[in-house]
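Accompanying notes for the structure given below.
The values are calculated or read from the model by the stated rules, or taken from the named source; none is laboratory data. Small disclaimer: the values here were computed from a predicted structure and weren't measured. FYI the Cβ positions are ideal-geometry reconstructions off the backbone, even for glycines, and counts take in every protein chain you see.
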Amino acid sequence: MKTTEGSNMPRKNFQRQVSVRIGERANYVNSPHVICMVGLPARGKTYIATKLSRYLNWIGINTKVFNLGEYRRHATTAYKSHEFFRQDNEEAMAIRTQCARNALNDVCSWLESGGEVAVFDATNSTMERRSMIEDIVVKKMGFKLFFVESVCD
């Protein structure tokens, strides 16, 4: 058995054995998946989403991150303070909800056009928001959905 230099541990070959016809690509995911990040601000959701996407793409799974903050920044420049996120700010609440719907529509369109895993990067901290995501992703589109919560104590 071969060993790595300077070590008595056997060297393993971790190359993936995939038989794919020329012009086709391997499909590692049977049906599209949506990974929905959950957590308070500044808890590493975007970092985790980016690292996860990078890894899944590296192993051959077509993955893309949809960051809700980017949609919000493109939608409005009127709010530059924390007032935008207050629960009693109905105008801002409507903008945030519409941005989430736009992002989810882009997620679904991307998955329908050949994407395998979409990572929806937002706080998604309310039951109403998670319910809306489930209605669109699972009930309407039939994709698989799971939530990943980032908690820092």
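Residues of the stretch 66-89 that are among the acidic types (Asp, Glu) and surrounded by 13 or more Cβ atoms within 10 Å (Cβ to Cβ): Glu70 alone. Say we look at the stretch 35-65 and pick out the residues that are in contact with a Lys or Arg (Cβ under 7 Å, 6 or more places away or on another chain) and not hydroxyl-bearing (Ser, Thr, Tyr); which of these is surrounded by the fewest Cβ atoms within 10 Å (Cβ to Cβ)? Going through the qualifying residues, I end up with Gly39.
Looking for whichever is more than 16 Å from Ala49 (Cβ to Cβ), surrounded by 15 or more Cβ atoms within 10 Å (Cβ to Cβ) and aliphatic (A, V, I, L, M) here; the options are Ala92, Ala122. Which one fits? I'd like the intermediate steps shown before the answer.
Values: Ala122 fails: more than 16 Å from Ala49 (Cβ to Cβ).
Every option except Ala92 fails the conditions.
Taking residues in the stretch 23-43 that are within 11 Å of Asn62 (Cβ to Cβ), and partners anywhere that are modelled with pLDDT under 55 and assigned to a loop (DSSP other than H, G, I, E, B), the pairs with Cβ atoms closer than 8 Å and at least 6 places apart or on different chains are Ala26/Val18; Ala26/Val20.
Take Ala75 and tell me if it is more than 29 Å from Asp153 (Cα to Cα), of a type outside the set (S, T, N, Q) and modelled with pLDDT under 95. For Ala75, the condition - more than 29 Å from Asp153 (Cα to Cα), of a type outside the set (S, T, N, Q) and modelled with pLDDT under 95 - is met.
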